[in-house]
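Each reported figure results from applying straightforward, stated rules to the coordinates on display, with no laboratory input. Source: prediction; values computed, not measured. Here the Cβ is made from the backbone with ideal geometry for all residues, glycine too, and neighbour counts use every protein chain on show.
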Amino acid sequence: MIFIDDRHEILFNSIVGRMRKQDCYHLAMAYLLALDSELRKHYTDVFDFDADGIKINALNKGWQTGTSAKTTRLALNLWNGYCYEENGLPSKNYTPAEIFNSEYAPYYWQAVKIRFYL
């Protein structure tokens, strides 16, 4: 597994330790939550550890940046295929062309591999 820096790896392990399961869904989620600097500060806005699920409204938070929104969208999509905007319609913002157009593309690919090849 590749990490962007030591902090990414440390927080990934911490988040995994808080999760109920360590399956491919949870590991991919933890990996992405620990990747982006904004998500590192706000990962509990995206994942509900008590309910063991995602918080869809995380995309509407004021702290989201363009990059953290891409990371959040990928995390939501890898969790359960989520790809919708507030109006309930599928969004092009969840396409690989939109999400992977980022400096984090190699790490996004790592998350996909965790989710589908673990």
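How high is the relative contact order of the stretch 6-117? Use alpha-carbon pairs under 8 Å, at least six apart in sequence, and give a whole percent.
Once divided by the residue count of the stretch 6-117, the mean separation gives 27 percent.
ILE54's amide H: which non-local residues (gap 5+, or another chain) put their own amide H closer than 5 Å, with H modeled 1.01 Å from N in plane and none for Pro or chain starts?
Residues meeting the criterion, in which the H sits 1.01 Å from N, are ASP48.
Of the labelled options (1) 19; (2) 30; (3) 52, which one gives percent of Cα pairs over 23 Å apart as computed for this structure?
(1)
How high is the relative contact order of the stretch 1-70, in percent, with contacts defined as C-alpha pairs under 8 Å that are six or more residues apart?
Reported relative contact order: 26 percent.
Do any trypsin sites (Lys or Arg not before Pro) in the stretch 19-118 lie in a DSSP loop with no more than 10 other beta carbon atoms within 10 Å, and if so, which?
Loop-located and lightly packed - ARG20, LYS21.
I want to check the label-to-label distance for THR65 and TYR84. Put each point 7 Å from Cα in the C-beta direction and report it in nm to one decimal.
Here the answer is 3.0 nm between the modelled labels.
From the residues GLN64, LEU35, ASN93, which one has its Cα farthest along the dipole of the stretch 6-117 in the positive direction, the dipole being from +1 and -1 charges on Cβ of Lys/Arg and Asp/Glu about the Cα centre?
Sorting the options by dipole projection puts first LEU35.
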